[in-house]
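Down below is the structure, laid out as structure tokens.
What follows draws every value from the coordinates through simple rules; no lab data is involved. Worth saying up front: this structure is predicted, and the values here are computed from it rather than measured. No Cβ is skipped: glycine too gets one built from the backbone with ideal geometry, and neighbour counts run over all protein chains shown.
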Ligand code: VG1
Ligand code: CO
């Protein structure tokens, strides 16, 4: 195999955020940009020679170009082979994997692309690794690439090129097999094919269309019309493949319209996020996690119960109450899936999730949209038993970076004086900046968001997004605990109005940006 070493210069902006390196496609198209980052990862990993790497992607624009480049670089850097297909690191006991995705961000030549490294446990690389990739990217001066023809990505099977194995697998069959090992497909089939549960799934023109057709329609007997926007498109039809009520509007209209199906769901660009709705009802992801935790023992893979659960800090505390009631530990981690990995590996938790439409378990060590959708159970009963955390998130997108930084600085300055202060019915119990001590590897992650907690269990959290590609995104997470079942159906924006006002008082985002409302409410 002929290998070339290409001289290059570092780019200074390759810091992986919450979920890998995410930039505009145009940024990735700069000469050597993708190559530098991939080489930085390879240089930071130890003992790669002869190992097998998984390469997966969400099929968005630029995936195919990037895959060809990475195949040649993996061969040149001494890997033994590549398996092309998603979510398979654990199944094939691979060394690790590269995932080409910008998740729920829009796709196409003028939109977003991303790349992240997942370790041998299947989950996203921990912070110590992502820091090492970044450090290396700032000094890199060359990368290695093999001289070879492009590989045919559409023929399933193994090809051997000068001793380097490239295996392309049918990801849908693999995934369906995994789901059959977790759920009782016979039982699900009875409820669905009999029409007892009518359903609607919105694949948002992203990767899950073929999976949903195979599992929901072919295997579980749902009608073919139950899967909408099922054909994956490189630009997601020009939409944000983000499963929330704003972006999955076709689903939202049907679920809140006449003759709505019993159950509705959607997933994102790479299939790891999920949105759960019922007829005329929306289940927040925080509730979804709590409900899953409360009902997990009903599912074959979790009959023995959960060893523990974890949620990201801004996620509502609904799951905490379930954990307390079942007497299992509940961990609070910073935003991002890389923080769940150690806990899953150590067997401390079985289930975890985030407010941003992500839930997962030890089966892939990533959040998993379709898996969560198969898991779903009745909501009202759950709220009656555990009370409800009325919850929502307000996003202010593309805020000028200096303004966003000033908002955070201003919040920080107020923290020492806030505890004990009272605003109407809300008295502040604690106000701090969240930092996380990983009890498994001892690492400490600072500045993970500002929290203001109230004595009545309510909370406001402020943090800057780590996945945006334009300016800064301020996220405000609002949460109010409502034990009274008669008030569970009220509109979240109304129930949270006082907290929304308080949030503005603390952070002044409207005043400082001149905006009157958030861009997105989820
Ligand atoms: C957002 C979410 C976070 C999630 C991350 C990656 O990050 O808030 O919960 O883990 O996206 O999800 P941020 O830093 O913008 O708040 V995905 O589906 O993009 O892999
Ligand atoms: Co995603």
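For a protection proxy built on the mean count of beta-carbon atoms within 10 angstrom, sort 258-266, 131-139 highest first, please. Mind dumping the intermediate values first?
Values: 258-266: 18.9, 131-139: 17.0.
Top to bottom by mean Cβ count within 10 Å: 258-266, 131-139.
Mean residue ellipticity at 222 nm, helices only, the chain: -8000 deg cm²/dmol; runs of at least 4 DSSP H residues each add -39,500 (n - 2.57), and the sum is divided by the number of residues. The slack between residue 516 and residue 196, meaning 0.36 nm per residue of separation minus the straight C-alpha distance, is 110.8 nm. Inter-part distance, the stretch 317-361 to the stretch 158-194, computed on C-alpha centroids, equals 26 Å. Sorted fewest first by neighbouring Cβ atoms within 10 angstrom, 211, 426 come out as 426, 211. Each of 386, 282 has some number of other Cβ atoms within 10 Å of its Cβ, and from fewest to most they run 282, 386. When you restrict to C-alpha pairs under 8 Å that are six or more residues apart and normalise by the size of the stretch 284-386, the relative contact order lands at 31 percent. Give the angle, between 0 and 90 degrees and rounded to the nearest 10, that separates the Cα long axis of helix 127-137 from the longest principal axis of the Cα atoms of the chain. Tilt of helix 127-137: around 50 degrees. Placing dummy labels 7 Å off each Cα toward the beta-carbon, the span from residue 218 to residue 279 is 3.1 nm. Between the alpha-carbon centres of the stretch 467-488 and the stretch 230-251 there is a gap of 22 Å. Compared with the dominant Cα axis of the chain, that is its longest principal axis, helix 171-182 is turned about 50°. FRET efficiency for the residue 498 to residue 400 pair, using the beta carbon distance and R₀ = 30 Å, is estimated at 0.55. Fully extending the segment from residue 414 to residue 444, taken as 0.36 nm per residue of separation minus the present Cα-Cα distance, adds 8.4 nm. Taking 0.36 nm per residue of sequence separation and removing the Cα-Cα distance, the residue 250/residue 231 pair yields an extension gain of 5.3 nm. Over what distance in Å are the Cα centres of the stretch 490-514 and the stretch 14-29 separated? Spelled out, the Cα-based centre of one part sits 31 Å from the other.
Can you work out the FRET efficiency for the pair residue 149 and residue 15, with r the C-beta to C-beta distance and R0 = 45 Å, to the nearest 0.05? Spell out each step's value before the answer.
Values: r = 34 Å, r/R0 = 0.76.
For R0 = 45 Å, the calculated efficiency reads 0.85.
What relative contact order, as a whole-number percentage, does the stretch 85-131 give when Cα pairs under 8 Å and 6 or more residues apart are counted?
Working: 58 pairs, mean separation 17.7, N = 47.
Rounded, it is 38 percent for the stretch 85-131.
In degrees, nearest 10, range 0 to 90: what is the angle between the Cα axis of helix 33-44 and the longest Cα principal axis of the chain? Tilt relative to the chain: about 90 degrees.
When only Cα pairs below 8 angstrom with a gap of at least 6 residues are kept, the chain shows a relative contact order of 13 percent.
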